[in-house]
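Report on the structure given below.
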Amino acid sequence: MNSPQGIALALRNLVKVYGNLVAVSDLSLDIPSGAFYGFVGPNGAGKTTTLTMATGLLHPDQGTAHVHGVDVWNDPIQARRLLGVMPDGMRLLDKLSGADLLTHVAMLRGLDRITARNRTNELLEALDLTEAATKLVGDYSAGMTKKIALGTALIHGPSVIVLDEPFEAVDPVSAANIKTILNGFVSGGGTVILSSHVMDTVQSLCSHVAVINHGQVIAAGTTDEVAAGSTLEDRFTELVGGRRNNEGLSWFAN
């Protein structure tokens, strides 16, 4: 199939089963081009499994994923040109410096050395990593590692970027810089898919959102539509349940 016109990422009937656990259950979703799309759900809901299947990192047991009409599994080379991916806990070549890592990734993506170096310098400045350019990635802090991983997802100029918890362990100033970069990417016609547990961040950044639970989409649309007149956090809790009172913890209060 081809993605419908105006759809950046089309997921159809995705299924992933691990033994007796159904991680993703017949999940279908269309993510429009030019959207800043939030992908949220409780722990174990199937978010990461869905996104890794959607981006070609994990083979589904059933179903398809198309990025701008390109089949992620039948045409992986073309699909990867269109995609920039930053998985949570992404492993990097940490014996390289930050600058060398970005340049290496850019050249693996087919950029010539001069273009790769120019883009590396631009990204290091945008991510506030210029002073750490020659430092080994293995010596980076958690926040710096998150930022250089984002750089590897951006450097080849994809049209769709998929980010799993991009603001985790990132200081407020760096987070603001990253948000500016991502908003600029969307303003230029790109599509951002953001997985996060921080509902305030999703509500403030994202034009659209999907809520996933038990491996299925239970709500999707514009952020205002999904929030339904409430905060996204309250609406999320209403949709997935799980809020508990403190009965039985009388010893906890003085």
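Listed values, structure above:
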| item | result |
| --- | --- |
| Using θ = phi - 60° and Karplus 6.51 cos²θ - 1.76 cosθ + 1.60, couplings along the range 225-230 (whole Hz; Gly, Pro as x) | 5, 5, 5, 6, x, 10 |
| Global geometry of the range 94-220, whether rounded, prolate or oblate, following the gyration tensor of its Cα atoms and the 1.5 cut on a/c | prolate |
| In nm, spacing of pseudo-spin labels at Leu136 and Asn43 (7 Å Cα→C-beta vector) | 3.3 nm |
| Cβ charges +1 (Lys, Arg) and -1 (Asp, Glu), total dipole of the chain, debye | 560 debye |
| For Val24, distant residues with modelled amide H under 5 Å away | Lys16 |
| Set of lysines with alpha-carbon distance to Lys147 below 29 Å, sequence-local pairs under 8 removed | Lys47, Lys95, Lys135, Lys179 |
| For the range 7-19, Karplus couplings with θ = phi - 60° (6.51, -1.76, 1.60), whole Hz, Gly/Pro x | 9, 6, 9, 10, 10, 10, 6, 5, 9, 9, 10, 10, x |
| Virtual spin-label span in nm between Val198 and Arg91, 7 Å along Cα→Cβ | 2.7 nm |
| Accessible area of the range 35-151 belonging to carbon and sulfur atoms, whole % at 1.4 Å probe | 50 percent |
| Probe 1.4 Å - accessible area at Thr231, Å² to nearest ten | 70 Å² |
| Residues with amide H under 5 Å from that of Leu58, placed H, sequence gap 5 or more | Met53 |
| Degrees between helix 113-126 axis and first principal axis of the chain (Cα, 0 to 90, nearest 10) | 50 degrees |
| Given charges at Cβ of Lys, Arg, Asp, Glu: the chain dipole, positive-most of Leu102, Met199, Gly38 | Leu102 |
| Cut-off under 5 Å, modelled amide H: who pairs with Leu9 long-range | Ile31, His68 |
| Selected from Gly241, Gly151, Gly138 as most flexible by GNM, with the chain as the system and alpha-carbon contacts under 10 Å | Gly241 |
| Cα-based Rg / Dmax (Å) for the chain | 19.0, 65 |
| For the range 158-200: accessible area per residue (Å², 1.4 Å) | 38 Å² |
| Inter-probe distance in nm under a simple model that places probes 7 Å from Cα toward Cβ, at Thr222 and Leu57 | 3.1 nm |
| Accessible surface, the range 1-99, averaged per residue in Å² (probe 1.4 Å) | 46 Å² |
| Stretchable slack from Ile114 to Ser207, in nm (0.36 nm times residue separation minus alpha-carbon distance) | 29.9 nm |
| Local electrostatic count, Ala219, Cβ distance below 11 Å [Lys/Arg +1, Asp/Glu -1] | -1 |
| Shape metrics for the range 15-141, restricted to C-alpha atoms - Rg then Dmax, Å | 17.5, 51 |
| Hz values of 3J(HN,Hα) by residue in the range 156-162 - Karplus curve (6.51, -1.76, 1.60), Gly and Pro given as x | 8, x, x, 9, 10, 10, 10 |
| Per-selection Rg to Rh, the range 156-238 - Cα, Kirkwood hydrodynamic radius | 0.97 |
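The values are calculated or read from the model by the stated rules, or taken from the named source; none is laboratory data. Since this is a predicted model, take the numbers as computed values, not measurements. Because the Cβ atoms are built from the backbone with ideal geometry, glycine has one as well, and the counts that use them run over all protein chains shown. Ligands, DNA and RNA are stripped out before the accessible areas are found, and what is left, the full protein with its side chains, is counted by its heavy atoms. Shrake-Rupley method; radii C 1.70, N 1.55, O 1.52, S 1.80 Å.
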